[in-house]
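Asker: Quick one: the structure is below, and I'll ask about it shortly.
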Amino acid sequence: MQPDEVLAHLAAPIPCTLFDDVYGQTKQERTWSPDIIEDHIVYHSKSQCPLIKLAEFGDRASDTGNLRHDANVLAISGVEADYDEGEYPIETAAAKLEDAGISAVLYTSASHTPEKPRWRLLLPFRRRHKGTRAEMRAWRIAALRKAESILGVQFASESEALSQAYYMGVIRD
């Protein structure tokens with residue numbers, strides 16, 4: 001796999017899934033665009049924020065009724081990365097990605113402060129990938145490593161998980 005095959009330039013519509021809450025019992029299949037973030041921008045609490053995943057999920061629920069689990073991932077369309085180290089400013093990440101010619105969405109997490117930056121990164125693939133769980137996980141990890149090498153950071157280990165979704169939106173105050 002060539003590194004330039006992994007990350008996209010936000011050219012084509014990218015499928016994604018939004019979950020209303022961490023229980024993942026309901027989902028909304030959407031088409032990726034930066035407007036998804038803008039449509040879900042301000043909430044009163046973290047629990048009101050939806051979760052986003054650059055993947056398509058089936059309708060097979062877990063024993064607890066959760067649709068968001070590895071065995072239910074049908075295809076992946078990008079990678080979400082969580083930066084929680086609190087040392088690397090989001091503005092620096094944005095500038096480095098822009099210099100590399102990579103379009104992405106970056107947004108701060110609920111625990112972000114200027115002194116301790118915490119942020120998320122959404123990186124779409126050039127094309128949707130289907131395959132075994134191991135193959136899809138390998139694509140995700142390749143994209144994460146490419147982004148880490150461009151940015152000079154290490155993302156949280158849960159960023160590698162196939163079905164891990166992340167809150168999106170801004171918490172008022």
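Asker: Taking a quarter of the surface of the Cα convex hull of the range 57-150, what do you get in nm²?
Answerer: Dividing the Cα hull surface by four gives the mean projection, 7.2 nm².
Asker: Using just the helices of the chain, give the 222 nm mean residue ellipticity in deg cm²/dmol: DSSP H runs with n ≥ 4 each add -39,500 (n - 2.57), and the total is spread over all residues, rounded to 500.
Answerer: Result for the chain, helices only: -6500 deg cm²/dmol.
Asker: Relative contact order of the range 17-173, please, whole-number percent, based on alpha carbon pairs below 8 angstrom and at least 6 residues apart.
Answerer: This gives 30 percent for the range 17-173.
Asker: Ignoring any ligand, DNA or RNA, what whole percent of the accessible area of the chain comes from carbon and sulfur when the probe is 1.4 angstrom?
Answerer: 47 percent
Asker: Another question about this same structure. Which residues make up the longest stretch of the chain that has no trypsin sites (Lys or Arg not before Pro) in a DSSP loop with at most 15 other Cβ atoms within 10 Å?
Answerer: 61-129
Asker: What does the charge add up to near THR108, with Lys and Arg as +1, Asp and Glu as -1, over the other residues with Cβ less than 9 Å from its Cβ?
Answerer: Residues near THR108 contribute +2 overall.
Asker: Sticking with this structure for a sec: A 25 angstrom limit on the alpha carbon distance is what I want to check against. Which of LYS27/LYS96; LYS27/LYS146; LYS27/LYS130 exceed it?
Answerer: Violating the 25 Å limit, Cα to Cα: LYS27/LYS96; LYS27/LYS146.
Asker: Can you give me the accessible area per residue for the chain, using a 1.4 Å probe, in Å²?
Answerer: That works out to 50 Å² for each residue.
Asker: Where Rh is the Kirkwood radius over the Cα pairs of the chain, the temperature 20 °C and the viscosity 1.002 mPa s, what D in µm²/s does Stokes-Einstein return?
Answerer: After rounding, the answer is 132 µm²/s.
The values are calculated or read from the model by the stated rules, or taken from the named source; none is laboratory data. Values in this document were obtained by computation on a predicted structure and should not be read as measured data. Neighbour counts are summed over all protein chains in view; Cβ atoms, including those assigned to glycine, are modelled from backbone coordinates with ideal geometry. Heads up: the accessible areas ignore ligands, DNA and RNA and are worked out on the full protein's heavy atoms, side chains in. Shrake-Rupley method; radii C 1.70, N 1.55, O 1.52, S 1.80 Å.
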